[in-house]
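I have placed the structure first, in the form of structure tokens, so that the comments after it can refer back to it.
The values are calculated or read from the model by the stated rules, or taken from the named source; none is laboratory data. As the structure is a computational prediction, the values presented were derived from the model and not from experiment. Quick reminder, even Gly has a Cβ in these numbers, built from the backbone with ideal geometry, and neighbours come from all protein chains shown. Heads up: the accessible areas ignore ligands, DNA and RNA and are worked out on the full protein's heavy atoms, side chains in. Shrake-Rupley method; radii C 1.70, N 1.55, O 1.52, S 1.80 Å.
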Amino acid sequence: MNKICFNLNIKKNRIVLLFATWFYIGNIKIAPGTFGTIGAIPLIYILKKTSFEYYIIFLIIFIGFSIYISHKAEKIFNKKDAGNIVIDEVVGYLVTMIFINFQPMEIFLGLLVFRLFDILKPFPINKLQNIKGGIGVVIDDVVAGIFSSITLSYLIFFIKTLFY
């Protein structure tokens, strides 16, 4: 009986790590957060092919899922917001791109703007990451995504007004 429980825990941990590292992208030693953000692009592509309502519903469910996965991953890694947990970057980039067209320039600018907010963590983002557990891992990226989406919308408007 104990062996069966042990095997189930190992399988459960593997699934948690699969998603927490976003299919092991987070295990890349250099800039795992940036690579995790890039790893969100195929998911955004798929979501942009659906309705806006579906995108919102998926995003809400995915935020909850990411909080759960991040909480479990912190326990496995025995570290607060371990660098290889990148599912939060996926969430943040999904939030960033929610109102943005899926075009090469927008994808690239969205990536840059989101990573800037995620790395610099201006107020109140810097305070949110202090929350314990999976909520603290994910919520700062959600807010960074909101800030990024607003900034990106203005940036794209400015670029299109100036150059098109």
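Here are some notes:
- Per this entry, residue 61 is counted among residues that are assigned to a helix (DSSP H, G or I) and either over 15 Å from residue 97 (Cβ atoms) or in contact (Cβ under 8 Å) with a residue 60 or more places away in the chain (or both).
- Residue among 68, 55, 45 that alone is open to solvent by less than 50 Å² (accessible area, probe 1.4 Å) and at pLDDT 95 or above: 55
One line per residue, one yes/no per condition, for (1) open to solvent by less than 10 Å² (accessible area, probe 1.4 Å); (2) in contact (Cβ under 8 Å) with a residue 40 or more places away in the chain; (3) under 14 Å from the mean Cα position of the chain (by Cα); (4) within 21 Å of residue 61 (Cα to Cα):
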| position | (1), (2), (3), (4) |
| --- | --- |
| 76 | no, yes, no, no |
| 79 | no, no, no, no |
| 86 | yes, yes, yes, yes |
| 90 | yes, yes, yes, yes |
| 93 | yes, yes, yes, yes |
| 99 | no, yes, no, yes |
| 105 | no, yes, no, no |
| 115 | no, yes, yes, no |
| 121 | no, no, no, no |
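- Meets criteria (of a type in the set (Gly, Ala, Ser) and over 19 Å from residue 134 (Cβ atoms)) for residue 31: yes
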